[in-house]
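Here the structure comes first, spelled out in structure tokens, and everything after it is commentary.
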Amino acid sequence: MAERYFPNKMPHYIPEETPTINEETANKDSLSRLLSLPYHTLRRTLQASALHLKDMVVRETWGLSGKRVQDYSVYTGVLGTAYLLFKAYEVTKNENDLHLCSQIINACDSASAASRHVTFICGRAGVYALGAVVAKYADDPRLLDYYLKQFKELQIKFSNDVPNELLYGRAGFLWACLFIDKHIGKETIATECRRAVVDEMIKAGRTLALKDRCPLMYEWHGKKYWGAAHGLAGIMHVLMDMELKPDEIKDVKGTLRYMIKNRFASGNYPSSEGNESDRLVHWCHGAPGVALTLVKAAEVFGDEEFFQAAVEAGELVWNRGLLKRVGICHGISGNTYVFLSLYRLTGNPEYLYKAKAFACFLQDRAQKLISEGTMHGGDCPYSLFEGFGGMAYLFFDMAEPSEARFPAYEL
């Protein structure tokens, strides 16, 4: 297992009030010096890095392509660049970022016309949802109406073979609905629209339920996945934001309890039902994505069991989460959000420190390790979910850690 991640040799916790730069600290390596900075100083360093990375991502994914769209997705395509520009605008209020974001979305609108996918991360729902939100912020009612109309027509095109998971399925469509409602206004997408999708998801989950064990179960490409991207964690995460009936709430809770009961002894979670390989510590598969869902469950239901399981998953991420990858899907950037989520839930400064530690590791070492071949920059190295785009997004989020949200997952 060790070859998948770097040993975490950073101190478990350094209180913020600890003296920062002294003679002992000055003689330490660059990571230790960076980690010793007070948070108000570090956040400025990270934001400067975020701006630099954002410009690099825009240049590599948009400028050098001749402004042509080959991949329109949020996951590995230029819509992820647009999403990063929107985050930059939220933090800095730079209107140029919002304008460029709108340009890219317009190009993605044309490029995605033939796509059958209806989700936020990998489908047209992402184009229309982000387009509508950006039009709202840009005070462009004509464009806002256009994107909302396009979005509302998507559900009509749902086919029976649409899966239920987050990246390509119903959960991903519902998340797009939630994103629109958050930024534009409640009930922008009618409850009835969402309810019809929830009904299908609950029905499908109960059909595959493991009798007397797990109330809801789902398949994607023949496997019963557990993780955030394709499985139970992602589906339960979205369902918890829906208006559920009492029996549906019971099923969601029961499914999460089944996962907790059947996790590995290490505290990690299987990537799929029956998989006994305790290797993956990613947002997409393993403890990080499940941890974010358990934090959500603790917020929504208030159950101590979910809170304690989230804390234990966070400890596993601290010990095995310094992955040899940079991105948010299966890299250090994504794993950092576990600590930001736990910090938001608890207010405990130890979690903010842990997020700071992972961010400092990225800031200090990522580009050097990638250039040396010790760390993987991602198959799409400038994308939001696999590459430097996710690292930039995280660094922008570190400016206001209590407001940080894993992109396209947490609201």
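The values are calculated or read from the model by the stated rules, or taken from the named source; none is laboratory data. Predicted model, so just to flag it, every value in this text is computed and none were measured. Neighbour counts run over all protein chains shown; Cβ positions are idealised from the backbone, glycine included. Just so you know, the surface numbers come from the protein's heavy atoms only, side chains and all, with ligands and any DNA or RNA stripped out. Shrake-Rupley method; radii C 1.70, N 1.55, O 1.52, S 1.80 Å.
Would you call SER341 of a type in the set (Gly, Ala, Ser), open to solvent by less than 10 Å² (accessible area, probe 1.4 Å) and assigned to a helix (DSSP H, G or I)?
It is true that SER341 is of a type in the set (Gly, Ala, Ser), open to solvent by less than 10 Å² (accessible area, probe 1.4 Å) and assigned to a helix (DSSP H, G or I).
When residues of region 67-108 are filtered for being in contact with a Cys (Cβ under 9 Å, 6 or more places away or on another chain), part of a loop (DSSP other than H, G, I, E, B) and closer than 24 Å to HIS330 by Cβ, how many remain?
Looking only at that region, the number is 7.
Scan region 305-322 and tell me whether some residue there is at pLDDT below 95 and on the phi < 0 side of the Ramachandran plot.
No: region 305-322 contains no residue that is at pLDDT below 95 and on the phi < 0 side of the Ramachandran plot.
Here's the yes/no breakdown for (1) within 23 Å of the chain's Cα centre (by Cα); (2) surrounded by fewer than 14 Cβ atoms within 10 Å (Cβ to Cβ); (3) in a helix (DSSP H, G or I); (4) without any contact (Cβ under 8 Å) to a residue 24 or more places away in the chain:
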position	(1), (2), (3), (4)
ASN160	no, yes, no, yes
ASN164	yes, no, no, no
TYR168	yes, no, no, no
ILE180	yes, no, yes, no
HIS183	yes, no, yes, no
GLU187	no, yes, no, yes
VAL197	yes, no, yes, no
ILE202	no, no, yes, no
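Would you please name the residue that is surrounded by the fewest Cβ atoms within 10 Å (Cβ to Cβ), looking only at residues in region 69-104 that are among the aliphatic types (A, V, I, L, M) and free of Cβ contacts under 8 Å to residues at least 40 places away in the same chain?
Among those residues, the one meeting the criterion is LEU85.
What number of residues within region 214-245 satisfy the criterion of being under 19 Å from the mean Cα position of the chain (by Cα) and open to solvent by 10 Å² or more (accessible area, probe 1.4 Å)?
Count: 5.
Applying the selection to region 149-158, what residues are open to solvent by 10 Å² or more (accessible area, probe 1.4 Å), within 14 Å of GLY123 (Cβ to Cβ) and not acidic (Asp, Glu)?
GLN150, GLN155, LYS157, PHE158
Pairs under 9 Å by beta carbon, first residue outside any loop (DSSP other than H, G, I, E, B) in region 364-390, partner surrounded by fewer than 21 Cβ atoms within 10 Å (Cβ to Cβ) and of a type in the set (D, E, K, R), six or more apart or different chains?
Partner pairs satisfying both residue conditions: ASP364/ASP29; ASP364/ARG33; LEU369/LYS324; HIS376/LYS324; PHE388/GLU60.
Can you find a residue in region 126-142 that is touching a Gly at 6+ places or on another chain (Cβ under 6 Å) and either open to solvent by less than 60 Å² (accessible area, probe 1.4 Å) or hydroxyl-bearing (Ser, Thr, Tyr) (or both)?
Scanning region 126-142 turns up no residue that is touching a Gly at 6+ places or on another chain (Cβ under 6 Å) and either open to solvent by less than 60 Å² (accessible area, probe 1.4 Å) or hydroxyl-bearing (Ser, Thr, Tyr) (or both).
A quick yes/no check of all residues on (1) among the charged types (D, E, K, R); (2) on the phi > 0 side of the Ramachandran plot; (3) open to solvent by less than 10 Å² (accessible area, probe 1.4 Å); (4) at pLDDT below 95:
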residue	(1), (2), (3), (4)
ASP247	yes, no, no, no
LYS250	yes, no, no, no
THR255	no, no, yes, no
SER266	no, no, no, no
